[in-house]
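The values are calculated or read from the model by the stated rules, or taken from the named source; none is laboratory data. Source: prediction; values computed, not measured. Ideal geometry is used to build each Cβ from the backbone, glycine not excepted, and the neighbour counts take in all protein chains shown. Accessible surface areas use protein heavy atoms only, side chains included; no ligands, DNA or RNA. Shrake-Rupley method; radii C 1.70, N 1.55, O 1.52, S 1.80 Å.
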Amino acid sequence: KQQQQPATYQFTDAKATQSMLYYRVKAIAANGAFRYSAVAKLNGKASNVAVQVYPNPVTDVVNVVLPTVAKATSYRIVDATGKVVATQQVQALPGSTLTINAATLAKGAYYLTIVLANGDTAATNFVK
């Protein structure tokens, strides 16, 4: 009997608008059999921190106009499948423009999350 390894999943729900969110995973085996995980209940604290990107669609770089409320400490870019394709620690001043190299990203839709020093996050979508 083959040993199964635990799987780790990550998903960013770009359309989450509620304060309390409920999720579950549907696992589908190669033979088509499936099962659902237990329901996970998350506090979906909505962020009212705005971030803008340009140009959109991007080419080789994406310019991010940061919020004015706090320094940015890191960013994460997630593709349409939920895979984290880039993450970076940064030290960017509030209200400044952060330039991210997007040359190696494949064409497609992406979700960008900026983590701020005060613990808030700012997020937006962009296309390459």
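Surface analysis of segment 58-127 yields an accessible area of 51 Å² per residue, using protein heavy atoms and a 1.4 Å probe. Rounded to the nearest 20, the size of the Cβ-charge dipole of segment 41-128 about its Cα centre is 220 debye, with Lys and Arg at +1 and Asp and Glu at -1.
Subtracting the Cα-Cα distance from 0.36 nm times the residue separation, let me have the gained length for residue 52 to residue 38 in nm, one decimal. If you can, show how the numbers build up before the last one.
Values: separation 14, 0.36 × 14 = 5.04 nm, distance 3.60 nm.
In short, 1.4 nm is gained.
Per-atom-type breakdown for segment 39-128 gives carbon and sulfur 52% of the accessible area (1.4 Å probe, protein chains only). Given their separation in residues at 0.36 nm each and the Cα-Cα distance between them, residue 21 and residue 88 gain 21.4 nm when the chain is fully extended.
Under the criterion of Cα pairs below 8 Å and six or more residues apart, the relative contact order for segment 55-128 equals 38 percent.
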